[in-house]
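Notes for the one structure printed next.
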Amino acid sequence: MRLRVLGCSGGELPHHRTTCFLLGARLAVDAGALTASLSLPELMRVDDVVLTHGHLDHVKDVPLLADLMVGRRRRPVTVHASKGATETLRRSLFNGRLWPDFTRIPSAQNPVVRLQAFPFGEPFRIGPHSVSAVKVRHTVESSGFVVRRGASAFAISGDTGPTTAFWREVNRQPGLRALLVELSFPSRMQRLADRSGHLTPRTLVGELAKVERAGVPVYLYHLKPAFEAELRAELAELGLRGVTVLEGGDEIAI
Ligand SMILES: [Zn+2]
Ligand SMILES: [Zn+2]
């Protein structure tokens with residue numbers, strides 16, 4: 001598997017795009033940076049988008065992608081999300097007010113977007129991939145994933161505060177090649193991080209101590225751009241081994 005980092009920031013600024021990874025050419029994990037990163041032919045090849053949760057920085061390009069697909073794609077793009085997140089998309093986004101209901105455009109029988117709710121705790125398939133979703137700790141229903149193809153897998157935490165269920169799933173996975181973990185606020189903002197369901201370097205250290213798989217590289221993402229310099233300084237001081245901060249444009253071979 002080849003994972004392209006289209007966006008890995010916890011906010012948007014020039015040179016900072018929100019969370020979005022492309023696995024091969026057809027599967028996107030989160031949709032924070034699809035339409036700003038990919039060409040129209042590349043976008044038309046995306047068959048599936050799997051969403052960690054319904055927050056704007058992770059879903060914002062689903063409606064923009066839908067708009068580009070009308071009249072160009074014959075098959076719908078399937079958007080996989082938890083039941084709670086699909087409800088958010090239906091009620092708050094594709095509701096005919098904030099944006100047209102592309103789950104019924106151009107027709108209800110053959111729309112450009114199909115919303116597909118996935119279960120927690122039971123792997124589901126997307127093309128050649130098997131995806132396990134685990135409920136993590138955020139202010140809204142949020143998922144971490146283990147994505148597997150054959151003998152190789154990677155895990156992505158989603159937006160989360162400290163969690164045990166996700167690490168339990170990670171620890172039972174053979175062939176894990178990469179761990180993508182969110183980090184949002186500096187430790188001096190611990191209260192805000194806890195309340196908003198995010199990690200600081202302090203809680204990150206506690207989370208990484210739960211990983212039993214030795215030597216799996218850890219990639220951090222979702223750093224809030226307003227605190228990025230401070231976060232990097234704090235991380236440098238901690239000197240965590242095998243931990244890197246992702247950059248837009250990075251590629252990870254899995
Ligand atoms: Zn969020
Ligand atoms: Zn977020």
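Can you say whether S92 is at negative phi, surrounded by fewer than 22 Cβ atoms within 10 Å (Cβ to Cβ) and assigned to a loop (DSSP other than H, G, I, E, B), as far as the supplied structure shows? Even if it seems obvious, please write down each step before you answer.
Values: at negative phi: yes; surrounded by fewer than 22 Cβ atoms within 10 Å (Cβ to Cβ): yes; assigned to a loop (DSSP other than H, G, I, E, B): no.
When the stated conditions are applied, S92 does not pass them.
Of all residues in the stretch 160-183, which are of a type in the set (D, E) and either within 13 Å of H138 (Cα to Cα) or within 16 Å of ligand 1 (Cβ to nearest atom) (or both)?
E182
Taking the options P76, P119, P128, name whichever one is at pLDDT 95 or above, more than 30 Å from V170 (Cβ to Cβ) and more than 16 Å from ligand 2 (Cβ to nearest atom). Before the answer, list the steps.
Numbers: P119 fails: more than 30 Å from V170 (Cβ to Cβ); P128 fails: more than 30 Å from V170 (Cβ to Cβ).
Of P76, P119, P128, the one residue that is at pLDDT 95 or above, more than 30 Å from V170 (Cβ to Cβ) and more than 16 Å from ligand 2 (Cβ to nearest atom) is P76.
Determine, yes or no, whether G121 is of a type outside the set (A, V, I, L, M, F, W, C) and surrounded by fewer than 13 Cβ atoms within 10 Å (Cβ to Cβ).
On the way: of a type outside the set (A, V, I, L, M, F, W, C): yes; surrounded by fewer than 13 Cβ atoms within 10 Å (Cβ to Cβ): yes.
So G121 fits the description; yes.
When only residues in the stretch 139-159 that are surrounded by 22 or more Cβ atoms within 10 Å (Cβ to Cβ) and near ligand 1 (Cβ under 10 Å from one of its atoms) count, which is farthest from Y219 (Cα to Cα)?
From the stretch 139-159, those surrounded by 22 or more Cβ atoms within 10 Å (Cβ to Cβ) are 142-145, 147-148, 153-159; that's our starting set.
This time we only want the ones that are near ligand 1 (Cβ under 10 Å from one of its atoms), so: 142, 158-159.
Working: S142: 19, G158: 12, D159: 14 Å.
The qualifying residue farthest from Y219 (Cα to Cα) is S142.
Quick one: in the stretch 210-239, of everything that is among the charged types (D, E, K, R) and not in a helix (DSSP H, G or I), which residue is surrounded by the fewest Cβ atoms within 10 Å (Cβ to Cβ)?
E212
Working only within the stretch 98-133, note down all residues that are small (G, A, S) and not in a loop (DSSP other than H, G, I, E, B).
A117, S130, S132, A133
Please give the number of the condition G121 fails out of (1) more than 16 Å from the chain's Cα centre (by Cα); (2) among the small types (G, A, S); (3) within 16 Å of ligand 1 (Cβ to nearest atom).
Going through the list (1) more than 16 Å from the chain's Cα centre (by Cα); (2) among the small types (G, A, S); (3) within 16 Å of ligand 1 (Cβ to nearest atom), G121 breaks only (3).
If A214 passes every condition in (1) modelled with pLDDT of 95 or more; (2) among the hydrophobic types (A, V, I, L, M, F, W, C); (3) more than 16 Å from ligand 2 (Cβ to nearest atom) but one, which one does it miss?
(1)
Just need a number here: residues in the stretch 48-85 that are part of a helix (DSSP H, G or I) and crowded, with 20+ Cβ neighbours inside 10 Å.
9
Of everything in the stretch 25-47 that's surrounded by fewer than 24 Cβ atoms within 10 Å (Cβ to Cβ) and either free of Cβ contacts under 8 Å to residues at least 24 places away in the same chain or of a type in the set (D, E, K, R) (or both), which residue is farthest from G249 (Cα to Cα)?
D47
Could you figure out which of (1) of a type in the set (D, E); (2) within 18 Å of the chain's Cα centre (by Cα); (3) away from ligand 1 (no atom under 16 Å from the Cβ) isn't true of D30?
(3)
What pairs can you find where one residue is in the stretch 50-75 and under 22 Å from G158 (Cβ atoms), the other is in a helix (DSSP H, G or I) and within 11 Å of ligand 2 (Cβ to nearest atom), and their Cβ atoms are less than 9 Å apart, with a gap of 6+ or different chains?
L51/H58; L51/V59; T52/H58; H53/V59
The values are calculated or read from the model by the stated rules, or taken from the named source; none is laboratory data. Bear in mind that the values here come from a model prediction, so they are computed numbers and not experimental data. Cβ: placed from backbone, ideal geometry, glycine included. Neighbour counts: every protein chain shown.
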